[in-house]
Amino acid sequence: MTLGEGRAPLAGKFIVLAVTGGIASYKSIDLARQLTLEGAEVQTVLTRSARAFVQPLPFQVLTGRTPIEKMFPVEGGDHPGDMPHISLTEKAHQVVLAPATANAVAKFARGDGDDFLSTLLLSAKAPVIVAPAMNPRMWSSPAVQENIRLLRSRGHIVIEPGVGRMARPEEGEGRGRLPENAEILAEIHKVLLPNPDLAGLRLLVSAGPTRERWDAVRYLSNRSSGKMGFAIAEAAAGRGAEVTLVSGPVSLSDPAGVKVFRVETAEEMRIAMLDAWRNADAAVMAAAVADYRPSAPLDEKKKKESGPAAIELERTADILAEMSESKGRRILVGFAAETGQLAENAMDKLRRKKLDFIVANLVSGEENAMGADASRAIIFDPSGSGEELPLQEKYLLSRKLLDRITKMWQKSS
Ligand SMILES: Cc1cc2nc3c(=O)[nH]c(=O)nc-3n(C[C@H](O)[C@H](O)[C@H](O)COP(=O)(O)O)c2cc1C
């Protein structure tokens with residue numbers, strides 16, 4: 001996959017990323033990659049248990065620095081004569097603990113210094129960002145909760161773990177999942193980028209699919225995952241915007257610092273969006289709202305019958321068109337998911353709905369943007385000119401869109 005260059009908002013920042021031993025440790029490899037992509041210098045620290053789950057090599061290759069694993073340097077090793085548990089925190093703009101095991105949290109709360117990580121944490125100069133991940137029963141245990149309270153009371157930033165499927169399906173769902181990397185990044189941005197360029201902007205974002213009921217158990221929907229809208233909301237909040245997110249049914253947890261409304265149908269989304277639009281300066285409509293719904297949904301479950309069946313459909317309301325009627329000088333951005341004639345269809349939608357720009361992407365073939373983590377896109381503006389954005393992860397793409405919105409917002413205010 002080619003990654004877009006994106007901005008380097010963390011250029012010049014030095015981040016210590018400490019990885020402890022849990023199932024979610026592998027996700028930190030991607031976090032290290034994302035931080036590096038954003039221009040940060042990243043030094044990883046692995047506990048002995050983390051080594052049971054991940055190897056140092058990917059961290060080394062991605063960050064260009066050998067992970068530190070031991071308290072006492074071996075002779076001729078990477079840090080001879082150095083005291084990295086002190087010098088690293090002297091230099092670090094931010095220490096991030098992700099994932100944080102129950103054990104690491106306890107040691108940090110207690111002030112242990114019996115390995116490299118715990119000793120390093122003792123010398124941290126500024127609040128540490130802690131992203132816990134553990135089994136829900138462990139997370140809800142009084143001991144862990146007490147330690148978390150203690151860390152928070154000392155000013156450390158503990159991100160609430162997410163709710164979701166646990167490592168083994170039979171464990172079911174519960175709170176304890178490692179917060180999404182995007183959420184951890186947003187928290188890092190909040191701390192390290194104190195002059196957010198979207199401060200004061202009230203941004204409304206829609207995300208995800210809608211579900212249109214056909215009978216008591218079935219519905220029509222689409223493959224939208226909500227990742228694009230959530231990435232935009234999260235990145236905008238990280239840049240200081242006051243963000244309201246209206247989402248259809250998705251399995252993503254609420255982004256930090258964002259007001260979230262969960263809806264199901266196109267009509268529910270319409271009501272929530274029009275209401276929030278009254279108090280917004282800009283809106284990005286990234287949801288894949290159903291254009292049609294069954295005209296006569298059944299209260300019962302439809303029984304199996306022989307022969308073909310048909311569902312009669314009716315049009316749903318066009319939310320973006322309604323929003324554009326009361327647009328005024330506010331910023332309105334749409335998405336066009338097309339299977340062909342991308343430019344023509346996107347420009348047609350942009351003109352009909354008086355959009356400031358539209359993000360067009362293909363939802364067919366190998367690079368189907370819907371549901372994927374990465375997407376290629378073209379941004380068209382009213383002049384008809386298109387900016388091609390290479391295949392890149394949605395969180396990077398979201399930043400490009402926000403750069404545009406920032407420019408427009410700064411021009412108008
Ligand atoms: C397969 C496996 C998965 C584990 N997953 C977690 C986890 O997600 N969270 C956690 O707090 N501990 C987890 N543990 C327990 C920790 O690895 C153990 O408490 C260890 O001492 C943590 O060391 P560290 O905090 O120094 O990395 C797991 C253990 C095993 C064997």
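The values are calculated or read from the model by the stated rules, or taken from the named source; none is laboratory data. Here the structure is a predicted model, which is why all the values come from computation and not from measurement. Cβ: placed from backbone, ideal geometry, glycine included. Neighbour counts: every protein chain shown.
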Subject >> Cβ pairs under 9 Å, 6+ apart, first in the stretch 277-297 and closer than 15 Å to Gly208 by Cα and free of Cβ contacts under 8 Å to residues at least 60 places away in the same chain, second outside any loop (DSSP other than H, G, I, E, B) and not hydrophobic (A, V, I, L, M, F, W, C) >> reply: Asp291/Arg315
**OP:** Restrict the check to the stretch 87-95 and report whether at least one residue is without any contact (Cβ under 8 Å) to a residue 40 or more places away in the chain and not β-branched (Val, Ile, Thr).
**Re:** yes
Original post:
Are any of the residues in the stretch 361-373 more than 25 Å from Val250 (Cβ to Cβ) and either surrounded by 13 or more Cβ atoms within 10 Å (Cβ to Cβ) or among the aromatic types (Phe, Trp, Tyr) (or both)?
Top reply: no
Original post:
Out of all the residues in the stretch 392-401, is one or more touching a Ser or Thr at 6+ places or on another chain (Cβ under 7 Å), under 29 Å from Ala199 (Cβ atoms), buried (at least 19 other Cβ atoms within 10 Å of the Cβ) and modelled with pLDDT of 85 or more?
Top reply: yes
**OP:** Provide a single number: the residues in the stretch 28-46 that are buried (at least 22 other Cβ atoms within 10 Å of the Cβ) and either within 13 Å of the ligand (Cβ to nearest atom) or free of Cβ contacts under 8 Å to residues at least 40 places away in the same chain (or both).
**Re:** 7
Original post:
If you go through the stretch 262-271 one residue at a time, do you hit one that is part of a strand (DSSP E or B) and free of Cβ contacts under 8 Å to residues at least 12 places away in the same chain?
Top reply: no
Original post:
Counting only residues that are within 10 Å of the ligand (Cβ to nearest atom) and buried (at least 24 other Cβ atoms within 10 Å of the Cβ), how many does the stretch 106-132 have?
Top reply: 3
Subject >> Sole residue being at positive phi and assigned by TED's automatic domain parsing to the domain that holds Leu274, chosen from Gly208, Gly176 >> reply: Gly208
Original post:
Within the bounds of the stretch 134-145, is there any residue that is of a type outside the set (Ser, Thr, Tyr) and more than 13 Å from the ligand (Cβ to nearest atom)?
Top reply: yes
Original post:
If you go through the stretch 293-326, how many residues are among the charged types (D, E, K, R), farther than 17 Å from Lys349 by Cα and assigned to a loop (DSSP other than H, G, I, E, B)?
Top reply: 8
Subject >> Elements of type helices (runs of 4 or more DSSP H) in the stretch 3-95, at least 2 residues being over 22 Å from Arg177 (Cα atoms), out of contact with any Asp or Glu (no Cβ under 8 Å at 6 or more places or on another chain) and at pLDDT 95 or above >> reply: 56-63
Original post:
Do you know which of the residues in the stretch 155-182 that are without any contact (Cβ under 8 Å) to a residue 12 or more places away in the chain and in a loop (DSSP other than H, G, I, E, B) is nearest to the ligand (Cβ to nearest atom)?
Top reply: Arg168
**OP:** Could you figure out which of (1) among the small types (Gly, Ala, Ser); (2) farther than 20 Å from Lys13 by Cα; (3) crowded, with 20+ Cβ neighbours inside 10 Å; (4) away from the ligand (no atom under 15 Å from the Cβ) isn't true of Ala92?
**Re:** (2)
**OP:** Go through (1) closer than 25 Å to Leu274 by Cα; (2) in contact with a strand residue (DSSP E or B) (Cβ under 9 Å, 6 or more places away or on another chain); (3) at pLDDT below 90 one by one and return the number of the condition Ser413 breaks.
**Re:** (2)
Subject >> Sole residue being modelled with pLDDT of 95 or more, assigned by TED's automatic domain parsing to the domain that holds Glu234 and surrounded by fewer than 21 Cβ atoms within 10 Å (Cβ to Cβ), chosen from Val289, Val250, Val284, Val263 >> reply: Val250
